[in-house]
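Structure first, then comments.
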Amino acid sequence: MTETGPRKFSTPLRTPVEPLPRFETPLVPRNSISGRALVAVVAIMTFLASLTTGAAVLVSKAAGEWQSDIAREVTIQVVPVPGRDVDANVDKAISVARGSAGIIEVRPYSKEESAKLLEPWLGSGLSLNELPVPRLIVLKIAAGATPDLAQLKHSLADQVPGAMLDDHRGWIDRMRAMAGTAVGAGICVLILMFIATMLSVTFATRGAMATNKSVIEVLHLVGAKNGFIARHFQNHFLILGLQGGAIGGGAAIVLFALAGVISRWFAGTAGADQTSVLFGSFSIGLAGYAAVLGQVVLIALVTALTSRHTVNNTLEMID
């Protein structure tokens, strides 16, 4: 009987299995059609909001300049009185005005200059000799001075027949009211644009959630919390909001810069002079550009927070 030794079993070595490749895809597609459409909507809203802000800044600056100029000037009107020499009355009114404290400059308008002021309404070439066209005297007030206009008005009434003092308070009140109305209207327009942007983001977020419904359900099954899902949507829409805001805000900044350059090019022409009277230098300044940049950031934050709020509300309803 032959002895046989123990059998030796040899097991083949296993080749190590390589891990499957991981495909990390974002929860919300970045280059979807809805995403590009939302960028366009945000860009348009930011552009319009920036234009509104710039217009409000221009009106506010122009109104401030108007009020500053008018507040430092008062006007004396010398109406021709039968039996009195109007030139003598003008000279008397000038002497009374120069004797008033706080008045640094007295400029009388000649008869021709006074008649020329009426040309925009009456046209040129008209003979105004037979009309009682009042003569104007412009008084400039020193900076920081508060002349006694009531005393000046009383002195003119006593010494110069037909002389009337106008301190332009009515114009200043109207300009202040106009500027306040323009700024208030601009704020209302901005609020409406922000509401429209929020509604657009809400619909876009719900559409993205509907498109990725299966992925969201799987994440719920594996224990993902609502905050995790909402954070992905928030980051995605924050990027979209920054892209759209940068496009719209950048276009508005370029437009205002070009408007300022063009206004300087045409300075001295009649149209440019009229425009400068209404809108000043047509430059929104550093404060205006800072406001536009602030709006870009604000719209991006509103876009992100609106998306997060929409996702949280939708997931709570599903739960």
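The values are calculated or read from the model by the stated rules, or taken from the named source; none is laboratory data. Computed from a predicted structure; not experimentally measured. With ideal geometry, Cβ positions are generated from the backbone for all residues, glycine too; neighbour counts draw on all protein chains shown. Areas reflect the complete protein model, heavy atoms only, side chains present, ligands, DNA and RNA absent. Shrake-Rupley method; radii C 1.70, N 1.55, O 1.52, S 1.80 Å.
Just a few scattered comments:
- Of the Cα atoms belonging to the stretch 58-195, the radius of gyration and Dmax stand at 19.1, 68 Å.
- Shown for the stretch 125-226: the carbon plus sulfur share of the solvent-accessible area, taken with all protein chains present and a 1.4 angstrom probe, equals 64%.
- 12 Å tail of the calculated P(r), the stretch 171-221, as % of Cα pairs: 74 percent
- Counting only residues at least eight positions apart within a chain, or on another chain, the lysines with an alpha carbon under 30 Å from that of LYS225 are LYS213.
- Solvent-accessible surface of the stretch 96-246, taken per residue with a 1.4 Å probe and all protein chains present: 61 Å².
- Within straight-line cross-link reach of LYS116, lysines at Cα separation under 24 Å, skipping those fewer than 8 residues along the same chain: LYS92, LYS140
- Spin-label model, GLU112/PHE203: points 7 Å from Cα along the beta carbon direction are separated by 6.6 nm.
- Solvent-accessible surface (1.4 angstrom probe) belonging to ASP166, in square angstrom, nearest 10: 50 Å²
- LYS92, LYS225, reordered so the largest accessible area comes first (probe 1.4 Å): LYS225, LYS92
- Computed with every protein chain present, the accessible area of LYS140 is close to 80 Å² [probe 1.4 Å].
- Surface composition of the stretch 48-103: carbon and sulfur atoms hold 54% of the protein heavy-atom accessible area at a 1.4 Å probe.
- Listed residues MET164, MET317 arranged by accessible area, highest first, probe 1.4 Å: MET317, MET164
- Whole-Hz couplings from phi, Karplus 6.51/-1.76/1.60, listed for the stretch 144-158; x for Gly and Pro: x, 7, 10, x, 7, 5, 5, 5, 5, 5, 5, 5, 5, 4, 7
- Whole-Å semi-axes of the stretch 196-271's equivalent ellipsoid (Cα gyration tensor): 47, 11, 7
- Sorting LEU238, LEU305 by solvent-accessible area of protein heavy atoms yields LEU305, LEU238, largest first, with a 1.4 Å probe.
- For the stretch 139-265, fraction of C-alpha pairs farther apart than 22 Å, in %: 69 percent
- Put simply, the amide H of GLU73, placed in the peptide plane, has neighbours under 5 Å in ILE141, leaving out anything fewer than 5 places away on its chain.
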